[in-house]
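Read through the structure below, which is laid out as structure tokens, and then see the notes.
What follows is calculated from the coordinates using simple rules that are stated; it is not laboratory data. Being a predicted model, the structure only gives us computed values, none of them experimental. Methodologically, a virtual Cβ is constructed for each residue, glycine included, from the backbone with ideal geometry; neighbour enumeration extends over all protein chains shown.
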Amino acid sequence: MVQSSFTERNLRILFPLPAILFVAMLMVFPVLYTLFLSFTNWNLTSGSPLSFVGLNSYTRVLTEPRFLHALTRTFLFTIFAVAIESVLGVAIAIILNRAFVGKSLAKLLLLLPLVATPVAVGIVFNLFFDPTTGLANFILKSLGLPQGLWVSSAASVLPSLIIVDVWQWTPMITLIVLAGLAGLSNEPVEAAHVDGASEWQILRYVTIPMLMPVILTAMILRLIDALKTFDIIFAMTGGGPGYASETLNIMGYKYSFEYFRMGQSSVILVVLFIVVFGCSLGIMKLRSSSEI
């Protein structure tokens, strides 16, 4: 019997090896390097060499009120944005799953926010929210309603940013749920009709439970993206007014490229990574339990 060569015996390892090495260089190395920097006092403006300080950087950053406020804003922005997007996305998907005139046009219009560049969206909404010449206040004034300061006020800047995020990313939830609806079996729905269930009962007790794994998958994807939102916030407010819209991502950017405190900015990014990873695991566990 002719013995197989080393290559033939290890094809299942050798074929994916280049891709694995590429992913390791592209993703694993930056994470490990950032983790290493978080234990240093690297500061580009101090002139002192990089030195290992252990947990001192973590202690200094994690006890800073500015960091705690940024962490709170990150959670508030993510929770409200993802919750609103999920509810609206599922509702719109259920409506679009029915037959009606103009359905194709409605789906096409739904895609428009997704193809827009986030920075361009931020610039357009800055004009929309302008307190003096913006369309938002013009509409409110025409209806006799009180006008707002929108992104110019610390009290309203976060809700305004959430509105923009909901406008842009609700279609993503809708498209994922629409795909899930297309793959559902009609037999449970038909059986519920035979048993005399109303449309609301079928939606609540049949369709939504069957869709739950798909909905949670969409929420995981959106959660990860919302936690690390940068471009829209930076384009619209830059974290202002003051620090009113500063999230962990914006704070990490400022510590890196405005203050050049690389060690402390790495601490912020490590915490952000842990938050994203932990929240994703939590929803994935919830998704697994919904499939049982």
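Using a ≥ b ≥ c from the Cα gyration tensor of the range 1-95 (square roots of the eigenvalues), is it rounded, prolate or oblate, where a/c under 1.5 gives rounded and otherwise the larger of a/b and b/c decides, a/b for prolate? Intermediate values should be presented prior to the final figure.
Details: a/c = 4.30, a/b = 1.24, b/c = 3.46.
Oblate, since a/c reaches 1.5 and b/c is not below a/b.
Could you list the trypsin sites (Lys or Arg not before Pro) in the range 74-127 that lie in coil according to DSSP, counting only those with at most 13 other Cβ atoms within 10 Å of their Cβ? Working shown, then result.
Working: sites: Arg98, Lys103, Lys107; in loops: Arg98.
Those satisfying the criteria are Arg98.
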### Query
Taking the alpha-carbon set of the range 140-292, what are its Rg and Dmax in Å?
21.0, 67
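Hand me the chymotrypsin sites (Phe, Trp or Tyr not before Pro) from the range 95-139 located in a DSSP loop with no more than 11 other Cβ atoms within 10 Å, in residue order please. Before the final figure, lay out the partial values.
On the way: sites: Phe100, Phe125, Phe128, Phe129, Phe138; in loops: Phe100, Phe129.
Sites meeting the loop and neighbour criteria: Phe100.
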#### Entry: Whole-angstrom Cα spans of the range 43-107 along principal axes, big to small
68, 22, 17
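Could you tally the net charge around Ser51, taking each other residue with its Cβ under 15 Å from the Cβ of Ser51, Lys/Arg +1 and Asp/Glu -1? The partial results should precede the final answer.
Values: positive: Arg60, Arg261; negative: none.
Once positives and negatives cancel, what remains is +2.
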### Query
If R0 is 22 Å, what FRET efficiency do you get for Asn97 and Trp167 from their C-beta distance, rounded to 0.05?
0.50
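Rounded to the nearest 500 deg cm²/dmol, what is the calculated helix-only ellipticity per residue at 222 nm for the chain, with -39500 (n - 2.57) per DSSP H run of length n ≥ 4?
Numbers: 16 runs with 198 residues, N = 292.
Per the formula, -21000 deg cm²/dmol.
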### Query
Quick one: longest stretch of the chain between exposed loop GluC sites (Glu not before Pro), exposed meaning at most 16 other C-beta atoms within 10 Å and loop per DSSP?
1-257
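Considering all alpha-carbon pairs of the range 222-292, what whole percent are spaced by more than 19 angstrom? If you can, show how the numbers build up before the last one.
Numbers: 1077 of 2485 pairs.
Summing the P(r) of the range 222-292 above 19 Å gives 43 percent of all pairs.
Cα convex hull of the chain: mean projected area in nm², to one decimal?
Values: hull surface 102.8 nm².
Result: 25.7 nm².
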